[in-house]
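Data first, discussion second: the structure below is written as structure tokens.
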Amino acid sequence: MKILYGVQGTGNGHTTRARIMAKALADAGAQVDWVFSGRERDKFFDMEPFGNFQSYRGLTFATQSGKVLYLKTALTSNLAQLYQDTKKVNVEGYDFIINDFEPVSAWAAKRAGKKVIGISHQNAFFYDIPKVDSNIFVNWFMRNFAPVTMPIGLHWHHFNQPILPPLIEHSHYSNISTPRHYLVYLPFAGLDDIVPQLREFPQYDFFIYQPVPAAYDEGNIHVRPFSREGFQLDLHRCEGVICSAGFELPSEAIHLGKKILVQPVAGQMEQKSNALALEKLGYGYSTKNFDVETLRKWLPLNAPTNAQNYPDVAKALVGWLMKGGGEDIRELQQQLWQEKIDQVTPAVQVFAK
């Protein structure tokens with residue numbers, strides 16, 4: 001089986017999902033050519049599972065201090081370069097073309113009239129799920145940023161829709177809860193936006209992942225460079241997670257039963273909707289403001305749910321591809337949710353705005 005797999009490189013969530021799928025595909029003996037865009041090639045890390053991957057500029061949002069800058073996004077988007085890059089991607093000779101919200105390979109396949117299986121959280125927004133600020137423009141954007149012919153959505157709950165559970169990397173680390181140890185990953189904010197607030201709580205230890213050249217410690221503040229292994233170790237041993245309202249890290253935290261506080265990126269429909277879903281499901285808390293008062297209220301709280309123990313979705317997806325040639329997903333969807341005993345608890349109250 002030969003596959004072309006496109007992955008959005010902005011942030012680390014899409015790449016994390018790709019690593020999970022890479023292992024499942026390798027175990028099945030598939031040959032995969034990887035395409036990444038949205039980040040400079042030298043800014044990726046721990047990319048060994050993807051071999052000699054292709055890298056392109058692609059499209060991404062410009063942000064500052066946790067807020068999407070639409071004007072800057074428009075000014076820095078190079079549609080001419082995107083068009084030229086699509087012509088460089090060879091989409092011929094593949095059994096399947098898979099895409100995780102990656103525009104270059106998606107548009108290359110569309111221009112060539114090829115079928116594309118989209119596996120992403122963004123595809124869940126095609127269905128009736130919790131949403132905030134959804135409108136005609138946002139819906140058009142979600143469908144056309146990286147167009148696919150067969151969208152498969154991932155989410156923390158099925159919401160009675162044809163959606164699959166999240167892809168989770170089953171780690172070799174033991175899942176423990178070290179009292180007052182917290183993992184902090186706010187990729188759209190800098191250290192100056194994060195550290196002053198955390199210093200107000202010296203009785204807690206905060207492990208902050210940022211694009212720094214080397215790790216350093218200052219009292220209860222532990223700054224760490226990006227590292228998949230280091231990140232997984234801190235995730236598995238922490239009591240709770242403070243992060244943006246993306247999808248992959250909250251998924252891992254929910255799977256492990258960690259306490260979660262998310263701050264959605266301002267102006268980002270997907271993240272605001274994720275924050276709403278997180279609270280509706282009783283899996284965590286959200287806040288608009290990362291401030292001392294919010295942390296003072298949240299840090300003493302207990303985790304709202306137990307570990308959710310999602311099934312091995314990646315292995316099931318690869319088996320579905322090999323058996324059915326990428327046809328009807330409904331039987332697989334029912335099977336995977338049946339494997340997970342739902343433990344949804346009453347919604348928690350939004351405590352800070």
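The values are calculated or read from the model by the stated rules, or taken from the named source; none is laboratory data. Keep in mind the model is a prediction, meaning the values are calculated, not measured. Ideal geometry is used to build each Cβ from the backbone, glycine not excepted, and the neighbour counts take in all protein chains shown. The accessibility values were calculated without ligands, DNA or RNA, using every heavy atom of the protein model including side chains. Shrake-Rupley method; radii C 1.70, N 1.55, O 1.52, S 1.80 Å.
Starting from region 129-147, take each residue that is over 26 Å from Leu281 (Cα atoms) and list its partners that are of a type in the set (Gly, Ala, Ser) and open to solvent by 40 Å² or more (accessible area, probe 1.4 Å), counting only C-beta distances under 8 angstrom and pairs at least six apart or across chains.
Between residues of region 129-147 that are over 26 Å from Leu281 (Cα atoms) and residues that are of a type in the set (Gly, Ala, Ser) and open to solvent by 40 Å² or more (accessible area, probe 1.4 Å), there is no close pair.
Name the single residue, out of those in region 295-307 being within 24 Å of the chain's Cα centre (by Cα) and part of a helix (DSSP H, G or I), that is nearest to Tyr185 (Cα to Cα).
Leu295
Just to verify a result, which residue in region 175-185, among those that are farther than 14 Å from Ala307 by Cβ and over 21 Å from the mean Cα position of the chain (by Cα), is surrounded by the fewest Cβ atoms within 10 Å (Cβ to Cβ)? It would help to see each step written out before you state the result.
We begin by selecting, within region 175-185, every residue farther than 14 Å from Ala307 by Cβ; these are 178-185.
Checking the rest, the ones that are also over 21 Å from the mean Cα position of the chain (by Cα) come to 178-181.
Values: Thr178: 12, Pro179: 8, Arg180: 15, His181: 17.
Once the filter is applied, the top-ranked residue is Pro179.
Taking the options Val313, Val292, name whichever one is open to solvent by less than 20 Å² (accessible area, probe 1.4 Å) and not basic (Lys, Arg).
Val313
Restricting to region 253-270, what's the tally of residues that are open to solvent by 10 Å² or more (accessible area, probe 1.4 Å) and either in a helix (DSSP H, G or I) or over 24 Å from Ile176 (Cβ atoms) (or both)?
The number of residues fulfilling the criteria is 9.
Test Asp205 against the criterion of being modelled with pLDDT of 95 or more, in contact with a strand residue (DSSP E or B) (Cβ under 9 Å, 6 or more places away or on another chain) and surrounded by fewer than 19 Cβ atoms within 10 Å (Cβ to Cβ), and give yes or no. Outline the logic, then answer.
On the way: modelled with pLDDT of 95 or more: yes; in contact with a strand residue (DSSP E or B) (Cβ under 9 Å, 6 or more places away or on another chain): yes; surrounded by fewer than 19 Cβ atoms within 10 Å (Cβ to Cβ): no.
It is false that Asp205 is modelled with pLDDT of 95 or more, in contact with a strand residue (DSSP E or B) (Cβ under 9 Å, 6 or more places away or on another chain) and surrounded by fewer than 19 Cβ atoms within 10 Å (Cβ to Cβ).
Does region 217-230 include one or more residues that are of a type outside the set (Phe, Trp, Tyr), open to solvent by 50 Å² or more (accessible area, probe 1.4 Å), more than 25 Å from Lys43 (Cα to Cα) and in contact with a Ser or Thr (Cβ under 6 Å, 6 or more places away or on another chain)?
No: zero hits.
Taking region 15-70 as the region of interest, how many residues are buried (at least 21 other Cβ atoms within 10 Å of the Cβ) and at pLDDT below 90?
4
Give region 183-220 a look and list any residue that's touching a Phe, Trp or Tyr at 6+ places or on another chain (Cβ under 6 Å) and among the hydrophobic types (A, V, I, L, M, F, W, C), or say none.
Of everything in region 183-220, those that are touching a Phe, Trp or Tyr at 6+ places or on another chain (Cβ under 6 Å) and among the hydrophobic types (A, V, I, L, M, F, W, C) turn out to be Leu183, Val184, Leu198, Phe206.
Is one or more of the residues making up region 161-174 farther than 21 Å from Gln232 by Cα and surrounded by fewer than 20 Cβ atoms within 10 Å (Cβ to Cβ)? Before you say what the answer is, go through the steps one by one.
If we filter region 161-174 for residues that are farther than 21 Å from Gln232 by Cα, which is where we start, we get 161-164.
With surrounded by fewer than 20 Cβ atoms within 10 Å (Cβ to Cβ) added as a condition, the list becomes 161-162.
Within region 161-174, one or more residues are farther than 21 Å from Gln232 by Cα and surrounded by fewer than 20 Cβ atoms within 10 Å (Cβ to Cβ).
So, Thr73, is that one under 18 Å from Met142 (Cα atoms) and either at pLDDT 95 or above or surrounded by fewer than 16 Cβ atoms within 10 Å (Cβ to Cβ) (or both) or not? Please lay out each step first, then the result.
Details: under 18 Å from Met142 (Cα atoms): yes; either at pLDDT 95 or above or surrounded by fewer than 16 Cβ atoms within 10 Å (Cβ to Cβ) (or both): yes.
Here the answer is yes, as Thr73 does meet what is asked.
How many residues are under 18 Å from His14 (Cα atoms) and out of contact with any Lys or Arg (no Cβ under 8 Å at 6 or more places or on another chain) when one looks only at region 121-136? Step through it out loud before you land on a result.
Filtering region 121-136 down to residues under 18 Å from His14 (Cα atoms) leaves 121-125.
Filter once more, keeping what is out of contact with any Lys or Arg (no Cβ under 8 Å at 6 or more places or on another chain): 121-124.
Residues meeting the conditions: 4.
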